[in-house]
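The values are calculated or read from the model by the stated rules, or taken from the named source; none is laboratory data. Please read all numbers here as calculations on a predicted model, not as lab measurements. When we count neighbours, we look across all protein chains shown, and the Cβ atoms used for this are built from the backbone with ideal geometry, even at glycine. Side chains are part of the model used for accessible areas, which takes the heavy atoms of the whole protein and leaves out ligands, DNA and RNA. Shrake-Rupley method; radii C 1.70, N 1.55, O 1.52, S 1.80 Å.
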Amino acid sequence: DERSIEHIALIMNFVPLQSMNLTFSNLSHERMKMFCDALKINTTLSRLNLRRNMIGNSEVALLCEALKINTTVTELNLGGNGIDENGAVAFCDLLKSNKVLSELTLNGNKCGSSGANSLIQSLETNKA
């Protein structure tokens, strides 16, 4: 429910977590927004697993906005969500400014060959 993600957001800002696994956490758009707001100010989290949460492009936009500010997340797993070529392009834009993200897992999404090629080009310029 909404209160559980509120608790997670609170914990993120008061407990120095380095890793968080939210696989199958049913992150709705509102929950994702709440989580990303907390992620913007978190200074300890380095590994984040958001597999299988039905995250789509609008949630990817929220996450990319947060990761442009967050400087600690180095590993992000978004496997098995609803991310398509547009979501992949959002990550391309993120990689232009975020130099700490070194591992991005997108298996099980529908990024397509165009999205994959765009990501490869962006990764070549990202020196994380």
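Show me the strands (runs of 3 or more DSSP E) found entirely inside the range 1-84 where at least 2 residues are touching a Pro at 6+ places or on another chain (Cβ under 8 Å) and open to solvent by less than 10 Å² (accessible area, probe 1.4 Å).
none
For ILE120, indicate whether it is closer than 21 Å to ALA9 by Cβ and of a type in the set (A, V, I, L, M).
Judged against the criteria, ILE120 is not a match.
Could you check, for the range 102-122, whether at least one of its residues is of a type outside the set (A, V, I, L, M), within 12 Å of the chain's Cα centre (by Cα) and open to solvent by less than 70 Å² (accessible area, probe 1.4 Å)?
yes
Would you tally the residues in the range 68-89 being out of contact with any strand residue (DSSP E or B) (no Cβ under 6 Å at 6 or more places or on another chain) and closer than 16 Å to ASN53 by Cβ?
6
Within the range 85-101, track down each residue that is open to solvent by less than 20 Å² (accessible area, probe 1.4 Å), among the aliphatic types (A, V, I, L, M) and either over 17 Å from ALA61 (Cα atoms) or at pLDDT 95 or above (or both).
Listed by number, the list holds a single entry, ALA88.
Any residue in the range 95-116 that's among the small types (Gly, Ala, Ser): show its pairings with residues that are outside any loop (DSSP other than H, G, I, E, B) and open to solvent by less than 40 Å² (accessible area, probe 1.4 Å) at Cβ separation under 6 Å, as long as the two are six or more apart or on different chains.
GLY115/ALA88
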